[in-house]
Amino acid sequence: MPAPATPLSDLRPGDRAEVVAVAGDPALVQRLYEFGLFEGETVEFVGTAPLGDPVEVRLGNARLTLRKADAAGVTVRPV
């Protein structure tokens, strides 16, 4: 049985997950696609800022910083 899907914003530092879906404002979704955040890609949760927002993820060799609210629109499945 596969792991349950969860929002990207709920991961802990060091967690790796596969992107299941990207939702939200169409302009934001387009921008995330341009950065390479597609369904099926594996991301690693790097950490959060001291006050919990924004969050940072590693996508391939790049690091992407997202507002926690925007990261909540990305559904992932831990791997």
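Side notes on the structure shown:
- Any hit, segment 22-33, residues being in a loop (DSSP other than H, G, I, E, B), out of contact with any helix residue (DSSP H, G or I) (no Cβ under 9 Å at 6 or more places or on another chain) and surrounded by 11 or more Cβ atoms within 10 Å (Cβ to Cβ): no
- Filter result for the condition that a residue is among the polar types (S, T, N, Q) and crowded, with 16+ Cβ neighbours inside 10 Å, over 75, 65: 75
- Taking each residue of segment 31-54 that is over 12 Å from residue 75 (Cα atoms) and acidic (Asp, Glu) and looking for partners that are modelled with pLDDT of 90 or more and surrounded by 12 or more Cβ atoms within 10 Å (Cβ to Cβ) with beta-carbon atoms closer than 6 Å, six or more apart or interchain, yields 44/16; 44/58; 53/68.
The values are calculated or read from the model by the stated rules, or taken from the named source; none is laboratory data. Computed from a predicted structure; not experimentally measured. All Cβ positions, glycine included, derive from the backbone under ideal geometry; neighbour counts span all protein chains shown.
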